[in-house]
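Let me give you the structure first, and then I'll get to my questions.
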Amino acid sequence: MITIKLVCVGNLKEKFWTEACNEYIKRLGRFCKLEIVEVAEENKHSQIDKIKLEEGKHILEKLEGKVYLLDITGKQLSSEELAEAIGKDMLTSSTLTFIIGGSYGVSEEVKKIAKSKISFGRATYPHNLMRVILLEQLYRAFMINNGSCYHK
């Protein structure tokens, strides 16, 4: 069974975000092993570059398999295109890792490691909401790849 790993800067503080994520985690359980790794948000530095560098070190320690970075400058994929990419990458990697960076983005080192950069549009979303969106899109991708009518 494929492992999907989400590496996220920060944690979910509000109950409603946790509940929404838990619903998709439960649904995804029939398709993959899901691992969510939260790395600490840095707040001991006042310089953005130092924050991204520190968070980046923690992100890099957690990466494995095929790595996708959620990035506003990444390639915008339809749900079908994401499903196709996941299906193809599952053939060559046992782990697919998705990165949701911090408030200031990610370090250049993280960007270099992540060969696949994907975007869910040009808008900026709160990190908690982005986690829910990503989980829903992963679930949708698996449903598409399994011929379900969930995706209409």
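The values are calculated or read from the model by the stated rules, or taken from the named source; none is laboratory data. Fair warning: this is a prediction, and the values are worked out from it, not measured in the lab. Note: ideal-geometry Cβ built from the backbone for every residue, glycine included; neighbour counts use all protein chains shown. When the accessible area is computed, the model is the full protein with side chains, heavy atoms only, and any ligands, DNA or RNA have been set aside. Shrake-Rupley method; radii C 1.70, N 1.55, O 1.52, S 1.80 Å.
Output the residues belonging to the stretch 86-119 that are in a strand (DSSP E or B) and surrounded by fewer than 16 Cβ atoms within 10 Å (Cβ to Cβ).
Answer for the stretch 86-119, where residues must be in a strand (DSSP E or B) and surrounded by fewer than 16 Cβ atoms within 10 Å (Cβ to Cβ): just 119.
Cβ-Cβ below 9 Å, separation at least six or inter-chain, first residue in the stretch 1-23 and farther than 15 Å from residue 70 by Cβ and of a type in the set (A, V, I, L, M), second assigned to a strand (DSSP E or B) and open to solvent by 40 Å² or more (accessible area, probe 1.4 Å): which pairs?
Qualifying pairs under 9 Å: 1/33; 2/33; 12/38.
What are the residues in the stretch 120-152 that are within 17 Å of residue 9 (Cα to Cα), touching a strand residue (DSSP E or B) at 6+ places or on another chain (Cβ under 8 Å) and surrounded by fewer than 18 Cβ atoms within 10 Å (Cβ to Cβ), if any?
Matches in the stretch 120-152: 124, 130.
Turning to a different aspect of this structure: Six or more apart or on different chains, Cβ atoms under 6 Å: show the pairs whose first residue is in the stretch 38-51 and under 19 Å from residue 12 (Cα atoms) and in contact (Cβ under 8 Å) with a residue 40 or more places away in the chain and whose second is in a loop (DSSP other than H, G, I, E, B) and not charged (D, E, K, R).
Final answer for the pair search is 41/10.
Residue by residue through the stretch 1-24, note down the ones that are among the charged types (D, E, K, R) and either open to solvent by less than 20 Å² (accessible area, probe 1.4 Å) or within 23 Å of residue 114 (Cβ to Cβ) (or both).
Hit for the stretch 1-24 is 5, nothing else.
Let me ask another. Return the residues of the stretch 48-83 that are closer than 23 Å to residue 35 by Cβ, open to solvent by 40 Å² or more (accessible area, probe 1.4 Å) and in contact with a helix residue (DSSP H, G or I) (Cβ under 9 Å, 6 or more places away or on another chain); say none if nothing qualifies.
Residues satisfying the conditions are 57, 60, 65, 66, 77.
Something else about it: Any residue at all in the stretch 18-32 that is of a type in the set (Phe, Trp, Tyr) and over 16 Å from the mean Cα position of the chain (by Cα)?
Yes, there is a match, as at least one residue in the stretch 18-32 is of a type in the set (Phe, Trp, Tyr) and over 16 Å from the mean Cα position of the chain (by Cα).
Of everything in the stretch 33-42, what is under 15 Å from the mean Cα position of the chain (by Cα), over 21 Å from residue 141 (Cα atoms) and either among the aromatic types (Phe, Trp, Tyr) or open to solvent by 40 Å² or more (accessible area, probe 1.4 Å) (or both)? Give them in sequence order.
38
Taking into account only those residues within the stretch 50-79 that are among the hydroxyl-bearing types (Ser, Thr, Tyr) and assigned to a strand (DSSP E or B), which is modelled with the highest pLDDT?
Here the residue is 68.
Identify all residues within the stretch 8-17 that are over 14 Å from the mean Cα position of the chain (by Cα) and not in a loop (DSSP other than H, G, I, E, B); write none if there are none.
Once the filter is applied, which keeps residues that are over 14 Å from the mean Cα position of the chain (by Cα) and not in a loop (DSSP other than H, G, I, E, B), the stretch 8-17 yields 15, 16, 17.
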